[in-house]
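**Q** This structure is in structure tokens; I'll ask about it shortly.
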Amino acid sequence: MSETEIALATLSPDECRALLVTHRPRLGRLAFVADGWPLVLPVNFAVDGDAVYFRSAAGSKVAAAARCERVAFQVDHVDEVWEEGWSLLAFGRLRVVEDPAELARARRLPLRPWAGGDTPHFLRLDVVSLSGRRIACP
């Protein structure tokens, strides 16, 4: 396939939200700065409105959330057979969920971390900007 046969399209924020909500598996990458260095970690996620939720053990993600850090969150889908897919990028602030009512709601979300161990902290990404691209064969 030549490069001229590939179509790259910008996705609207509504198209991005629809993909984010329906994407399976619910696995993305959370990017933030830790100890002065960029860090990108895989995370399981759940979406509720304009917020993205994660669970975490104590560590760098919780520390970033406690400081309400600005973060980036990326989710991709690739179909290797058809050589097409999409990529979403969200920017926002990460925070620890502490409000009892919100915590109860977050616990009801379909949020099951793949990694073993105790993940008692719920983190919320308040999305400020959401963009995406789709690549496809015409």
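**Q** Counting only other residues whose beta carbon sits under 11 Å from that of residue 68, what net charge do I get with K and R as +1, D and E as -1?
**A** Here the charged neighbours net out to +3.
**Q** I would also like to ask the following. How large are Rg and Dmax for region 58-126 when only the alpha carbon atoms are used, in Å?
**A** Radius of gyration, then largest Cα-Cα span, for region 58-126: 14.9, 46 Å.
**Q** Could you give me the percent of Cα pairs per 10 Å distance bin for region 20-138, shortest bin first, beginning at zero and ending with the bin that holds the maximum distance?
**A** Values per bin, smallest distances first: 13, 46, 30, 10, 2.
**Q** For every other residue with a beta carbon closer than 12 angstrom to the beta carbon of residue 119, add +1 if it is Lys or Arg and -1 if Asp or Glu, then tell me the sum.
**A** +3
**Q** Also, I was wondering about something else. Quote the charge dipole size of region 1-118 about the Cα centre in Debye, to the nearest 20; the model charges only the Cβ of Lys and Arg (+1) and of Asp and Glu (-1).
**A** 780 debye
**Q** Net charge within 12 Å of residue 92 by Cβ-Cβ distance, Lys/Arg positive one each and Asp/Glu negative one each, not counting residue 92 itself?
**A** Local charge sum for residue 92: +1.
**Q** Using a basic spin-label model with each label point 7 Å from the Cα along Cα→Cβ, how many nm lie between residue 60 and residue 112?
**A** Going by the 7 Å Cα→Cβ label model, 2.8 nm.
**Q** Answer with one residue from 75, 57, 131: the one whose Cα lies farthest towards the positive end of the charge dipole of region 2-138, charges on Cβ with Lys, Arg +1 and Asp, Glu -1.
**A** After comparing all options, I get 57.
**Q** How far is it, in nm, from the label point at residue 34 to the one at residue 80 when both lie 7 Å from their Cα along the line to the Cβ?
**A** 2.8 nm
**Q** Among 18, 7, 116, pick out the residue whose Cα is farthest towards the positive end of the charge dipole of the chain, where Lys and Arg carry +1 and Asp and Glu carry -1 on C-beta, about the Cα centre.
**A** 116
Computed from the coordinates by the stated procedures, all read-outs in this text should not be read as laboratory data. Nothing here was measured: the structure is a model prediction, and the numbers come from that model. Heads up, the Cβs are rebuilt from the backbone with ideal geometry, glycines too, and the neighbour counts pull from every protein chain shown.
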